[in-house]
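Below you'll find the structure, written out as structure tokens, and then a few comments.
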Amino acid sequence: MSTLEIRGLEVSVTTEKGPIEILKGVDLTIRSGETHAIMGPNGSGKSTLAYAIAGHPKYTITRGSLTLDGENLLEMKVDERAKAGLFLAMQYPVEVPGVSVSNFLRTAATALRGEAPKLRTWVGEVKSAMKALNMDASFSERNVNEGFSGGEKKRHEIMQLELLKPKIAILDETDSGLDVDALKIVSEGVNRAKEANDLGILLITHYTRILRYIKPDFVHVFANGHIVEEGGPELAEKLEEHGYVEYVNS
Amino acid sequence: MSLLTTNYLTPTGREEAWRFTPLNRLAGLHDGTSITGDRKSLGVRKALPPGVNISRVSAELVPSDSVSDDAITQRVQSEAADVFLVEVAPNHSLQEPIYLDRQRSGMDSAELSRVRINVGLHSQATVIVENVGNAILAEDVEIVLSPGATLTFITLQEWGPDSVHAARHHATVGADATFKSITVTVGGSLVRLLPRVDFSGPGSSAELVGVYFATAGQHFEHRMHVDHGVPRAKSRVNYKGALAGDKAHTVWIGDVYIRAAAEGTDTYELNRNLLLSDGARADSVPNLEIETGEIVGAGHASTTGRFDDEQLFYLMSRGIPMDQARRLVVRGFFSEIISQIHDEVIEERLMGRIDSELDKAGQQ
């Protein structure tokens, strides 16, 4: 049983004109097996929350706390947070030229597990993860995210989620740029990972579409750098009907 | 042993071609003060495939194929006593590369070395030259591709830390012939290479690719010159370099000349440098001179930058520690070129060398 606790989190970015505050006090608790959807308009700070939790150097935490099972994530480097059990599926996964998917995955698994996975079982693990996400076997010889279509990038992210077995996963607009078939395949991957590892999920999205495939236990509406309303799955239905207008103007 | 005389226009360092080169570290190769011995370090490393003949012949039997305005090249051309001659017979497609190496080098005297590689009509060959150990070497490699020939010419500068190496690699590429060179420079105190291409017939092509990795105090200089003087020739240049450590210095100059007669020319050159620490300096100068507008394309690009933070963040967010993430990125950066060698043993060795250069840089 794991718990990610976010308390009074305030985050700013440095710009040419000085620091700009983006998150203005976020409180959120995510436990193993729970799925939390964060929904909100563009520019509300949803992605900043995701990157700040993962430790992206662009963001400065000015106030608040961030712990995973009581351990202070703010004192950890990016790789240490991953080792603590955190995973971020990115909206725009980064190309790493010249580094093959298979080399990347094995290096990551070795770092996270503390020893190199046994070659024979590892090859099998990767193959079945790829097959489950409807990915061609030749995929592992390609360079990380290089020349991947939008859908391939997202499948690759979820394949990592299944292979690296984190405790808490943040999915940053994993649904963006996916057609219905790809959305279904990717969502099934997320549900498998949750089933297999009692994963806690923070699902960031703009649209309700993905919530048909990944059922949230809690829905949080995000606007202007903080959570403005919380509820169960029914809140998503309300958003589907009325949009974010009332929150943006509030 | 003979003391070289200064018959040549000795560079002063103010010339465009020499302005980046620390002349005082050339061991006297440029001004004739180096002591030349009669060392002949180049040899054959593996059994030769059929269709290849290698011999040492007296210099006057193989006159230089091309003129050079480079003082060191001129000196080699006029003073080397013999020529290391590699001949690939016409209509032979070699299944195995020709492996040459310079193993019996040394710093006690300088070596002036002339090499000629002739690839016969419609033949295909790969030549790999491995430069290891410590040496003071001035070299002129002339390569002549007959019409329809294909040659991949690979030179590996895996020198020890004291080496001084100045060389011209001059290729004359015949009609419909295909020349490719892969240049790797990862060792030496000062390495200055002049890859040159002259097209002697239409429909020919040349691809020059290379990597270099300079650490503290090393000076690695690569100056291409591609001369398009015939119609419908194609050239591509892609050099990638990394630098780490105080006073690591690399120079890349890419001169492409498209003459009036060279209609239908298609050329592109690219140089990318990765600065891994403060105190290192990468000079990168592409030059394009065009005398005809009737071309397919001509372009160049040059970038010099640091690690991409987003790449490192992505790798680290998967649990990979910073130093390993940096190593992956650098390996990836170089593998685009190294993987073109198509020799697993050599590729692994070079990647290992790059890892250890990176380790060395990390400890500084």
Asked for the total accessible area buried by B and A (1.4 Å probe, Å², nearest 100), one would answer 2000
Any chance you could check the Cα centroid distance between the range B:188-256 and the range A:97-171 for me, in angstrom?
37
Which value, in Å³ per residue, describes the convex hull spanned by the Cα atoms of the range B:289-352?
163
Report, as an integer, the average count of C-beta atoms from other chains found within 10 Å of each Cβ along A:96-107.
5
Rounded to the nearest 10 Å², what accessible area does A:Thr121 show when all protein chains are kept and the probe is 1.4 Å?
90
Using only DSSP helix segments of four residues or longer, with each worth -39500 (n - 2.57), what per-residue ellipticity at 222 nm results for chain A after dividing by its residue count and rounding to 500?
-11000 deg cm²/dmol
With contacts defined as alpha carbon pairs under 8 Å and 6 or more residues apart, what's the relative contact order of chain A in percent?
28
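What does DSSP give for chain B in terms of the percent of beta bridges that are antiparallel, rounded to the nearest 5?
10
About the Cα centre of the range A:3-248, what is the dipole size in debye to 20, counting +1 per Lys and Arg Cβ and -1 per Asp and Glu Cβ, all else neutral?
Computed about the Cα centre, the dipole is about 760 debye.
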In Hz, Karplus ³J(HN,Hα) per residue of the range B:186-196 (6.51, -1.76, 1.60; θ = phi - 60°; x = Gly, Pro):
10, x, x, 7, 9, 10, 10, 10, 10, x, 10
Can you pull a Stokes-Einstein diffusion coefficient for the range B:210-324 at 37 °C (0.692 mPa s), Rh from Kirkwood over Cα pairs, as a whole number of µm²/s?
208
Candidate lysines for bridging to B:Lys180, where Cα separation is under 21 Å - those fewer than 8 sequence places away on the same chain excluded:
B:Lys234, B:Lys240
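Report the rotationally averaged projected area of the protein assembly as shown based on its alpha-carbon convex hull, in square nanometres.
Approximately 32.1 nm², given one-decimal rounding.
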Rounded to the nearest 10 Å², what accessible area does A:Tyr213 have for a 1.4 Å probe in the complete protein model?
70
Distance between Cα centroids, the range A:192-235 to the range B:13-73: provide it in whole Å.
69
Residue mean of other protein chain beta carbons inside 10 Å, A:72-78:
2
Accessible-area value, A:Asp172, 1.4 Å probe, nucleic acids and ligands omitted, Å²:
0
Between the residues A:Ala37, A:Pro117, A:Gly8, the Cα farthest towards the positive end of the dipole of the protein assembly as shown, that dipole coming from +1 and -1 charges on the beta-carbon of Lys, Arg, Asp and Glu, is from A:Pro117
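Under unit Cβ charges (Lys, Arg +1; Asp, Glu -1), what dipole magnitude, rounded to 20 debye, does the protein assembly as shown have relative to its Cα centre?
980
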Taking R0 as 25 Å and r as the Cβ-Cβ distance between A:Asp179 and B:His342, the FRET efficiency 1/(1 + (r/R0)^6), rounded to the nearest 0.05, comes to 0.05
For the protein assembly as shown, with the dipole built from +1 on Lys and Arg beta-carbon atoms and -1 on Asp and Glu ones, taken about the Cα centre, which of A:Thr107, B:Gln311, B:Pro202 lies farthest toward the positive end?
A:Thr107
At a 1.4 Å probe, which residues in the range A:56-70 are at least 50 Å² less accessible with all protein chains present than in their chain isolated?
A:His56
Considering only the other residues whose Cβ falls under 14 Å of the Cβ of B:Met107, what net charge follows from Lys and Arg at +1 and Asp and Glu at -1?
+1
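For chain B, give the magnitude of the charge dipole about the Cα centre (Cβ charges: +1 Lys/Arg, -1 Asp/Glu; no others), in debye to the nearest 20.
520
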Value at 222 nm in deg cm²/dmol, rounded to 500, when DSSP H runs of n ≥ 4 in chain B each add -39,500 (n - 2.57):
-4500 deg cm²/dmol
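Near A:Arg113, within a Cβ-to-Cβ distance under 10 Å, what is the net charge of the other residues, with Lys and Arg +1 and Asp and Glu -1?
Net charge in that neighbourhood comes out at +1.
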Can you work out the accessible area per residue across the range A:3-248, with the rest of the protein chains kept in place, probe 1.4 Å, in square angstrom?
44
As an exercise, take the mean of 1/r over every pair of distinct alpha carbons in the range A:3-248, invert it, and state the Kirkwood radius in angstroms.
18.5
Which one, B:Pro321, B:Asn91, B:Ala282, is farthest towards the positive end of the dipole of chain B when Lys and Arg carry +1 and Asp and Glu -1 on their Cβ?
B:Pro321
Percent RCO, i.e. relative contact order, over chain B, from Cα pairs under 8 Å lying at least 6 residues apart
9
With all protein chains present, chain B has a carbon and sulfur share of its accessible area (1.4 Å probe) in percent of 49
Rounded to two decimals, the Debye log10 I(q)/I(0) of the range B:2-307 (Cα scatterers, no solvent) at q = 0.14 Å⁻¹ is -1.07
Along Cα→Cβ, 7 Å out, is where each label goes; now give me the distance between the ones at A:Leu119 and A:Asn42 in nm to one decimal.
4.9
In the structure shown, do any of B:Lys40/B:Lys247; A:Lys127/A:Lys238; A:Lys83/A:Lys194; A:Lys17/A:Lys238; A:Lys24/A:Lys77; A:Lys83/A:Lys215 have a Cα-Cα gap over 29 Å, and if so which?
B:Lys40/B:Lys247; A:Lys127/A:Lys238; A:Lys17/A:Lys238
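The values are calculated or read from the model by the stated rules, or taken from the named source; none is laboratory data. Computed from a predicted structure; not experimentally measured. Neighbour counts run over all protein chains shown; Cβ positions are idealised from the backbone, glycine included. Heavy atoms of the whole protein, side chains included, go into the accessibility calculation; ligands, DNA and RNA do not. Shrake-Rupley method; radii C 1.70, N 1.55, O 1.52, S 1.80 Å.
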